[in-house]
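J.: The structure under discussion is supplied below as C-alpha cells; questions concerning it will follow.
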Amino acid sequence: MKNVESLRNAERKLQRARMQIDLLNGRLLDLNATYSRAKIQNRRFLCHILTLRIQSVTYLRNVYSSYAKDKATIVAHLGVELIRSGHSS
C-alpha cells in the first residue's frame, strides 16, 4: 500500500510541476512580446528590466523542468515496482 500512496503522491507532484511549467511558458511568451514592443520603441531601460525578468522566469522554468523529469523517473520506477509486486493502482 505504501508504494501505491508513493506513486499517487509522485504523480500529483509531477502534475503540479507540469502545470507550473505551462504557466511559466505563458509568462515567457508575454514577457517576450512586451520586450519586442519595448525594443521597437527604443525603451532601453525597460528592455533591460524585461531581460532580467525573462532570465529569472527561464531559470525557474528550467528548475521545474528538472524537477518534473526527476518525478517522471520516480513515477515510472514506482509503476514498475507495483506491476512486479502484483498490485494495481
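Read-outs throughout are calculated quantities, based only on the coordinates presented, and are distinct from any laboratory measurement. Predicted model, so just to flag it, every value in this text is computed and none were measured. Cβ atoms come from the backbone with ideal geometry, glycine included; neighbour counts cover every protein chain shown.
J.: Given the conditions (1) surrounded by fewer than 12 Cβ atoms within 10 Å (Cβ to Cβ); (2) part of a helix (DSSP H, G or I); (3) among the polar types (S, T, N, Q), which single one is not true for Asn62?
T.: For Asn62, the exception is condition (1).
J.: Sticking with this one: Using beta carbons and a limit of 7 Å, which pairs, at least six apart or on different chains, have the first residue in the range 1-28 and closer than 11 Å to Tyr67 by Cα and the second one assigned to a helix (DSSP H, G or I) and among the small types (Gly, Ala, Ser)?
T.: Leu14/Ala68; Leu14/Ala72; Ala17/Ala68; Arg18/Ala68; Ile21/Ser65; Ile21/Ala68
J.: Continuing with this model, one more query. Within the group Ala38, Ala33, which residue is assigned to a helix (DSSP H, G or I) and within 22 Å of the chain's Cα centre (by Cα)? Steps first, please.
T.: On the way: Ala38 fails: within 22 Å of the chain's Cα centre (by Cα).
Answer to the selection: Ala33.
J.: Any residue that is surrounded by 14 or more Cβ atoms within 10 Å (Cβ to Cβ) and charged (D, E, K, R) - is there at least one of those in the range 80-89?
T.: No.
J.: Could you please give the count of residues in the range 65-89 that are basic (Lys, Arg) and either part of a loop (DSSP other than H, G, I, E, B) or within 15 Å of Leu14 (Cα to Cα) (or both)?
T.: Total satisfying the criteria: 2.
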